[in-house]
Every structure is written in structure tokens, then in C-alpha cells.
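Visitor: I have a structure here, written as C-alpha cells, and I will follow up with some questions on it.
The values are calculated or read from the model by the stated rules, or taken from the named source; none is laboratory data. It should be emphasised that the depicted structure is a prediction, and the values quoted were computed from it without experimental measurement. Here the Cβ positions follow ideal geometry from the backbone for every residue, glycine too, while neighbour counts run over all protein chains shown. Only protein heavy atoms, including side chains, enter the accessible area calculation; ligands, DNA and RNA are left aside. Shrake-Rupley method; radii C 1.70, N 1.55, O 1.52, S 1.80 Å.
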Amino acid sequence: MREAVESLQVPGARDSGSLQVTASFGVAAARDGALPGVALVAAADAALYRAKRAGKNRVEATLPAEEPGGLAEPEPSTRPR
């Protein structure tokens, strides 16, 4: 989805003829019922702000921890933006 957004060109938005659009996403996951929805939304929101601080146009995730109901930070991604 991020790559699809990045490929969009908004015509007439700048002197150069188009505006490039990018997007950052935060994703959170937990086992079924392990965390209330509000906790998952807060974790996804924190991941989104990590993505923005890391340079924008990225996806950052918070993954389930080994312990039931917990969330853990993923290993830093080496995948290009």
C-alpha cells in the first residue's frame, strides 16, 4: 500500500506539474483477545510515530511478545523504504 501511494502523482499541485505523495504506517498485533482494542490502537499509533521519526514513508510494526498479552518491538528493519 505504501508503494502504491508513493507512485501517485497529484497533477497541478506544484510548479513542477505534480506533487509526490508518501505514507507512513504503524501496525500492531497480538493474539486473539490478549489485549483490549484500545491497547492495540495505542501500540499501532506509537509504531506510526516511530515510522515518521525514522524518516517517513515507512512501515513500523509492534509484534506480539513471547509472553501472553504482551507487545514487543521488532528487530530494526534492514529492508529499504
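Visitor: Among the residues of segment 14-38, which ones are open to solvent by less than 40 Å² (accessible area, probe 1.4 Å) and out of contact with any strand residue (DSSP E or B) (no Cβ under 8 Å at 6 or more places or on another chain)?
Guide: A23 - this is the single residue of segment 14-38 that is open to solvent by less than 40 Å² (accessible area, probe 1.4 Å) and out of contact with any strand residue (DSSP E or B) (no Cβ under 8 Å at 6 or more places or on another chain).
Visitor: Counting only residues that are open to solvent by less than 70 Å² (accessible area, probe 1.4 Å) and either in contact with a Ser or Thr (Cβ under 8 Å, 6 or more places away or on another chain) or at pLDDT 65 or above (or both), how many does segment 41-81 have? Spell out the reasoning first.
Guide: So the first thing to find is which residues in segment 41-81 are open to solvent by less than 70 Å² (accessible area, probe 1.4 Å), and the list is 42-44, 46-48, 50-51, 54-55, 57-58, 60-62, 64-65, 69-72, 74.
Checking the rest, the ones that are also either in contact with a Ser or Thr (Cβ under 8 Å, 6 or more places away or on another chain) or at pLDDT 65 or above (or both) come to 42-44, 46-48, 50-51, 54-55, 57-58, 60-62, 71-72, 74.
Within segment 41-81, residues that are open to solvent by less than 70 Å² (accessible area, probe 1.4 Å) and either in contact with a Ser or Thr (Cβ under 8 Å, 6 or more places away or on another chain) or at pLDDT 65 or above (or both) number 18.
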